[in-house]
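Q: Provided herewith is a single structure, encoded as structure tokens, for subsequent inquiry.
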């Protein structure tokens, strides 16, 4: 089952890389919630940079084509560190190291865009895994021009 | 019709107040001169009172003129600013961007300073300096500091500058009535981009770039009264824009905003302060930009989002959500603004700049798409620099 959980995390990255947002949402439960957080030592405070339920993520994705966005592809590199199943095995907490690389269209130069970790909650139902909660905790706070596409 | 090389570099047939020589964005000497003639003599917003709320709290600040400062709230509740440098051997005194310390201790040789800038300890002083060095002669370099509307702390490197309020010249008047409640910073981000600082401030000073924002086109431009809003200019290069009602409900996922005390639903006020700060109060969040130039083609933009200190957790969460939807790192407008300005930074990268002139010649009775805000900025820039921005090297006579 650990392999299925790991593959869920990796698949979520591949689908976001590919901008296949409907397929990404299909990996998630109906009560899925997605949050991006970062800690600012400058104001000694935790910050929330994005916080959406599944409907909010769907709206965000559907609005993307209407906006002027950086066309440089983002590539997520993830390594699942720990998978901790609750008693009974119906739910797992997953910690994944994440690096996001940005590759410019002209010349294809890649550079590190962001570093952080994914804190996922995965539910297991009848042997099937689904993403119920994702908290992206970013170490990188200078995201330069930023991004319309979440990590 | 495309233009040949001579035509491309021909001076625009506009009054010389209505365009600039692009080299003001790229020339190294002009940049150094700006740091000396403008930034070192101007009140600059350094931080908010919520960032050093208690006695002995400190906050560092990279001043646009190049100096590293530290602001400290004293045991008398007064906030003072100093050069963040140990007078002994020039080591950086405070390394963390924020914290709390009764004594500022230089880690290099353990000299100590108190919250008022006095030197309180010189390690093994008697053995090394005998009676040749008095503590009173090695205090920190104090920098003028004033608290302004909304609880922001401003600094000025010049000891003989006019007071902050004189410098602001009433420009914050349009927004001050909404800053009476104690505020709190909930969002802070430093963004380093490859562009001249003026290009960022230009973008904050003109609304004609509404066209880059789908969000603005839907929530603003199609609403009655949008194009009627007027710029008001103030002495010293400042300008403000009056309110209108933004129809956030026109953007999916953009309705039900929490609002701001005294501000009409969907209200929006903006004040641009010379030479690179912007107050932007938009329906439920106050955003503050401070441009910190690093090099001619490099700027760090400090972005702050503020709510009310009295916010409940639920209210704060709503305010943060509103902020993030537009101005967060994944928000709709911020990314688009940065893309536009870094696009300028690619073209206006150094003295081989692709463009010779940049226009700000739109005149629409000082309404929202009039480029009077930029013209007003460059009038002040020209006054401070002692030469017109349209002819910084005295090469032509212009109109």
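Q: Report, please, the projected area of the range B:266-354 averaged over directions, based on the convex hull of its C-alpha atoms, in nm².
A: 6.9 nm²
Q: Over all directions, average the projected area of the Cα convex hull of the range B:1-120 and note it in nm².
A: With every direction weighted equally, the projected area is 11.8 nm².
Q: Quick one: if you take sqrt(5λ) for each eigenvalue of the C-alpha gyration tensor of chain B, what semi-axes come out, biggest first, whole angstrom?
A: Working through the eigenvalues yields semi-axes of 38, 29, 17 Å.
Q: Can you pull the semi-axes for the range B:114-263, root of five times each eigenvalue of the Cα gyration tensor, sorted largest first, whole Å?
A: 46, 18, 17
Q: Where Rh is the Kirkwood radius over the Cα pairs of the range B:291-399, the temperature 37 °C and the viscosity 0.692 mPa s, what D in µm²/s does Stokes-Einstein return?
A: Rounded, D is 187 µm²/s.
Q: Taking every pair of alpha-carbon atoms in the range B:175-385, what share in percent sits in each 10 Å bin, from 0 to the bin with the longest distance?
A: Reading the bins upward from 0: 8, 34, 38, 17, 3, 0.
Q: Which residue, B:225, B:305, B:170, tops the fluctuation ranking in a GNM of chain B built on C-alpha contacts under 10 Å?
A: Looking only at B:225, B:305, B:170, the biggest GNM fluctuation is shown by B:225.
Q: Continuing with this model, one more query. In whole angstrom, how far apart do the alpha carbon centroids of the range B:321-361 and the range A:108-123 sit?
A: 25 Å
Q: How high is the relative contact order of the range B:43-164, given as a whole-number percent (alpha carbon pairs under 8 Å, six or more residues apart)?
A: The value is 25 percent.
Q: Continuing with the same structure: Give the Cα extents of chain A along the principal axes, in whole Å, largest first.
A: Sorted largest first, the three principal extents are 48, 36, 28 Å.
Q: Shifting gears a bit: With all pairs of different alpha carbon atoms counted, what Kirkwood hydrodynamic radius in Å does the range A:63-102 show?
A: 13.1 Å
Q: Between residue B:294 and residue B:355, what is the label-point separation in nm under the 7 Å Cα-to-beta-carbon projection?
A: 2.3 nm
Q: Determine, at each q value in 0.05, 0.08, 0.10 (inverse angstroms), the log₁₀ of I(q)/I(0) that the Debye formula gives when each Cα of the protein assembly as shown is one equal point scatterer.
A: Each listed q maps to, in turn, -0.23, -0.60, -0.91.
Q: Over the range B:203-243, what is the mean sequence separation of C-alpha contacts under 8 Å (at least six apart), divided by residue count, expressed as relative contact order in percent?
A: Numbers: 22 pairs, mean separation 10.0, N = 41.
RCO, the range B:203-243: 24 percent.
Q: Note down the relative contact order for chain B as a percent, whole number, built from C-alpha pairs under 8 angstrom at least six residues apart.
A: After rounding, I find 21 percent.
Read-outs: derived from the displayed coordinates by stated rules, not from any lab. It should be emphasised that the depicted structure is a prediction, and the values quoted were computed from it without experimental measurement. Virtual Cβ from ideal backbone geometry, glycine too; neighbours counted across all protein chains shown.
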